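A short write-up of the structure that comes next.
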Amino acid sequence: TSQGLAASTLKVYDHSGSEYYAPSFLCAAGDYLYFTSGNQTNGTALIKLNVATDQFEIVKELAPALDDPRAGFSTEIEPNLIEAAAPDKIFIRSNTDLSKPSDLWVSDGTTEGTARLSDIAYYLLPNMITLNGEFLYCNREDVGYELWKSDGTTAGTGPLKDINPY
């Protein structure tokens with residue numbers, strides 16, 4: 001946390017665990033700051049930080065540890081991205097192995113309210129946006145890249161329209 005001066009800058013979160021997963025991609029939603037980080041089992045977890053109290057909690061593990069964590073890294077692709085559609089609707093793309101599709105998650109900030117929705121292409125640029133409470137992103141179908149959307153439910157997650165026929 002900081003007031004913009006060195007003297008007022010204080011550490012509020014200290015990552016301990018795997019050397020490969022550092023806190024990344026901050027997303028503000030309501031009174032919380034969400035981000036992904038390594039956890040105690042060397043996997044990747046969704047973390048939320050209360051900005052009023054500087055208290056953090058691990059919401060849920062998104063991906064387990066890899067046998068060789070270095071295999072999942074690229075300097076060109078960020079494996080974890082977060083967008084907030086509302087204070088209680090956070091979308092997360094999480095991946096620790098870039099040779100496999102990522103997972104698309106939605107969270108209301110609780111363990112019980114955090115669920116995996118679908119696969120999402122890992123190799124696409126960070127092209128995610130929220131609009132009117134829905135999540136829009138580019139994903140790959142069997143025949144090409146398409147615009148997808150999600151309302152935060154499994155049934156409401158899928159291609160919007162076939163705009164790139166093969």
Problem set entry | Subset of segment 26-62 [open to solvent by less than 70 Å² (accessible area, probe 1.4 Å) and assigned to a loop (DSSP other than H, G, I, E, B)] | Gly30, Asn39, Asn42, Gly43, Asp54
Exercise. Out of segment 137-160, which residues are modelled with pLDDT of 80 or more, open to solvent by 40 Å² or more (accessible area, probe 1.4 Å) and of a type outside the set (Val, Ile, Thr)?
Worked result: Leu147, Lys149, Asp151, Ala155, Pro159, Leu160
For this session: Would you be able to say whether some residue in segment 120-128 is surrounded by 12 or more Cβ atoms within 10 Å (Cβ to Cβ), within 25 Å of Ile47 (Cα to Cα) and modelled with pLDDT of 75 or more?
Result: yes
For this session: Within segment 2-35, count every residue that is hydroxyl-bearing (Ser, Thr, Tyr) and either modelled with pLDDT under 75 or on the phi > 0 side of the Ramachandran plot (or both).
Result: 5
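The values are calculated or read from the model by the stated rules, or taken from the named source; none is laboratory data. Computed from a predicted structure; not experimentally measured. Note that each Cβ is placed from the backbone with ideal geometry, even for glycine, and that neighbours are counted across all protein chains shown. We work out accessible area using only protein heavy atoms, side chains counted, and drop any ligands, DNA or RNA first. Shrake-Rupley method; radii C 1.70, N 1.55, O 1.52, S 1.80 Å.
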